[in-house]
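Let me begin by presenting the structure, written as structure tokens, before commenting on it.
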2 protein chains.
Amino acid sequence: MNFFAKTQKMTFDAPLSMQSGAFLQNYELAYETYGELNEDRSNAVLICHALNASHHVSGVYEEQENSEGWWFNMIGPGKSVDTNRFFVICINNLGSCFGSTGPMSINPETQEAYGSAFPVVTVEDWVQSQERLIDRLGIKTLLAVMGGSLGGMQVLSWTLQYPDKVKNAIVIASAPNLNAENIAFNEVARRAIVTDPDFHEGNYYKYGVVPKRGLRIARMIGHITYLSDDVMNSKFGRTLRRSIKKETELKDQNYLFTTQNIEFEIESYLRYQGDKFSEYFDANTYLLITRALDYFDPAKKYNGNLSLAFNAIKAKFLIISFTTDWRFSPNRSEELVKALLDNERQVSYLNINAPNGHDAFLLDDSRYMSAIKNYFSNIN
Amino acid sequence: MNFFAKTQKMTFDAPLSMQSGAFLQNYELAYETYGELNEDRSNAVLICHALNASHHVSGVYEEQENSEGWWFNMIGPGKSVDTNRFFVICINNLGSCFGSTGPMSINPETQEAYGSAFPVVTVEDWVQSQERLIDRLGIKTLLAVMGGSLGGMQVLSWTLQYPDKVKNAIVIASAPNLNAENIAFNEVARRAIVTDPDFHEGNYYKYGVVPKRGLRIARMIGHITYLSDDVMNSKFGRTLRRSIKKETELKDQNYLFTTQNIEFEIESYLRYQGDKFSEYFDANTYLLITRALDYFDPAKKYNGNLSLAFNAIKAKFLIISFTTDWRFSPNRSEELVKALLDNERQVSYLNINAPNGHDAFLLDDSRYMSAIKNYFSNIN
């Protein structure tokens, strides 16, 4: 069933004091809401988005085909997060390229696009800015905050920064911080962007170019880490590209013997994903968001002791991981569970046997959808 | 104990008919030998090198410090492959940038560097060219052929193309072919090189430039896949770069809040590896060698049935894998073992519990070194 989404904007004049020490003035947040806020304002559910997503989490835009939000399978009337019962909010993160103030916005100090002058933003900064918007909507307590991957980190940060404002936290395919391998992949992606001659130190807007070469590489790397080895083998394996075309003269499936042209189907898939991404995503945003991922580490000021860090938490938790997710593997979710149990917090944990790797958190899976539905049925 | 290595060259005038249908005329192979060929020429051991290595497998170059060959810990007088007993040969592969004919060599047809005109070379082509050199040395049968990773694929190809010329095959940290994820990583690396504006469609030599940006990215990706998650965490973890410098004023370990500068130690390591590689490795060679990896697939003409493909093999096998190698995981080695057993061939298999990922095949590990030593003690 289709239902309509509409982007709204909210402007903030009080400067936002960021973790880096920088201040952001006069910023704007794009957001969408679904369902109705009840009279005592107790049915609000905040969804936090991940790396390349936006506030458009569900619904469709009027008169715009194929405009379903990125969690359309999860959120809506009668769905796992039922918008007949809950008032769902999703806010585009600061630094994004989808509507909230970001590197493409005009810097009031220079009257030019921020570019690389946009302050480095952290998960904590995002949550702080989200809290202001929630407060402006007149919501004192969120019934739930929910997110996958980087979205899950924002959920954690909500329960730590505003322990009295979150009743339930749903953290999916996430981790208490990035490990060295995660940071390594982010760094390669960033280097591909930054060393693209069209990057111009982040001020490419005024040159009328986009560092597409770098964005393509960044996205290709991302896609490899989103998928599991198993699903890559079953989806693509060693299938040659042109066998897809079923041209009879090519039925013998011999190699083309080329180093620069596409030979395997997996190459075609990755190039397509890279090309598509480079058409719509902003390079400075990619740098900022991957860095926010790198920096998130709530245990840092407790010498790495996550149990100490989680002492402030009051929310009840549902934590979900996926067996084949090697980007944020189940043992990272188990670290969260352990730190919550060490503090005698209420936590349910589900490790779902799914073949799709990290991507699983965005896909339909009946056990996954039921688990969320059940949790929300009994929520309070 | 130091012993000296000396590069030799051998020229071949008979054209090499390559798998792609191309012919290579007048090529030269660089190689090194260690130890003495015995009178009945029965003690020859051929070592096949992997992606970025060369024929300089052991020994040191006279009057050149830190010039140990890449398998110096494995090969030499009294070592696991004892050059007091064996005549060890290592040949630089065609297409390389370390002495054998490759993209940097002069194309006799144009009197310019081959560049991207150098024919696409396969594992089978390499083995064919190696066999000619072995034959020229008067060796009719190799006591052993040994290699790790891509080197292991050459060993497999030797036992398939020249079943009567190989008595023992030692295949380490290898696989019967690349899986989709392996190809994906290779493809991203290649795209980074090919889309570097300094690549000039492979003919950068005449522009006096090198696609260093692409080479750096390629190498950074490579290094991530060579290491295990565990060893990355224990070696680098989330350590900040400047904590290494132990500057007291930075002792609080606060973030720098930067997207373009180095923040974490792992970033510093990867950038260093990328920079170093881009100084000495040829971009066209990188394309050729990663493609040779992609193409290798002896089961291809048997509809993916490796057991059928291995029916031609006569050699005895020692196969070694490493538990934390996710580039060529142990289950890929087990596929080799199974296909050999299906054909009732003699095979010993060792899966070594080592933390270092794919890199383990180049590192000192007493169990690993002993296993090779023992195998060679009883070899015949």
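Take segment A:186-197 and flag every residue that is open to solvent by less than 20 Å² (accessible area, probe 1.4 Å) and either within 15 Å of residue B:222 (Cβ to Cβ) or more than 7 Å from chain B (Cβ to nearest Cβ) (or both). Within segment A:186-197, A:186, A:187, A:188, A:189, A:192, A:193, A:196 qualify.
Residues of segment B:17-42 that are under 25 Å from residue B:57 (Cα atoms) and of a type in the set (A, V, I, L, M): B:29, B:30, B:37.
Within segment A:294-301, at least one residue is modelled with pLDDT of 95 or more, open to solvent by 20 Å² or more (accessible area, probe 1.4 Å) and either within 11 Å of another protein chain (Cβ to nearest Cβ) or not in a helix (DSSP H, G or I) (or both).
Do we have any residue at all in segment A:38-47 that's modelled with pLDDT of 95 or more, assigned to a loop (DSSP other than H, G, I, E, B), buried (at least 22 other Cβ atoms within 10 Å of the Cβ) and in contact with a Gly (Cβ under 7 Å, 6 or more places away or on another chain)? Checking segment A:38-47: not a single residue is modelled with pLDDT of 95 or more, assigned to a loop (DSSP other than H, G, I, E, B), buried (at least 22 other Cβ atoms within 10 Å of the Cβ) and in contact with a Gly (Cβ under 7 Å, 6 or more places away or on another chain). Considering (1) in a loop (DSSP other than H, G, I, E, B); (2) modelled with pLDDT of 95 or more, the lone condition that residue A:88 does not fulfil carries the number (1). Residues that are surrounded by fewer than 18 Cβ atoms within 10 Å (Cβ to Cβ) and either of a type in the set (Phe, Trp, Tyr) or at positive phi (or both) within segment B:206-242 comprise B:207, B:208, B:237, listed in sequence order.
Checking B:231, B:171, B:209, B:145 one by one, the residue that is within 14 Å of another protein chain (Cβ to nearest Cβ) and either of a type in the set (Ser, Thr, Tyr) or outside any helix (DSSP H, G or I) (or both) is B:209 and no other.
For segment A:13-37, filtering for residues that are away from chain B (no Cβ under 14 Å), surrounded by 13 or more Cβ atoms within 10 Å (Cβ to Cβ), more than 23 Å from residue A:146 (Cβ to Cβ) and not acidic (Asp, Glu) leaves 4.
Within segment A:212-226, restricting attention to residues that are hydrophobic (A, V, I, L, M, F, W, C) and facing chain B (nearest Cβ under 8 Å), which residue is farthest from residue A:174 (Cα to Cα)? Only one residue tops the list, namely A:217.
Considering (1) open to solvent by 50 Å² or more (accessible area, probe 1.4 Å); (2) more than 30 Å from residue B:369 (Cβ to Cβ), the lone condition that residue B:95 does not fulfil carries the number (1).
Among the candidates A:354, A:339, A:315, single out the residue that is more than 14 Å from chain B (Cβ to nearest Cβ), in contact with a Lys or Arg (Cβ under 7 Å, 6 or more places away or on another chain) and open to solvent by less than 10 Å² (accessible area, probe 1.4 Å). After ruling out the rest, the residue left standing is A:315. The conditions of being among the charged types (D, E, K, R) and more than 30 Å from residue A:106 (Cα to Cα) are met by residue A:241.
The values are calculated or read from the model by the stated rules, or taken from the named source; none is laboratory data. Keep in mind that what you see is a predicted model, and the values were worked out from it rather than measured. A quick note on method: Cβ atoms are made from the backbone with ideal geometry, for glycine too, and the neighbour counts reach across all protein chains shown. For accessibility, only protein heavy atoms count, side chains too; no ligands or nucleic acids. Shrake-Rupley method; radii C 1.70, N 1.55, O 1.52, S 1.80 Å.
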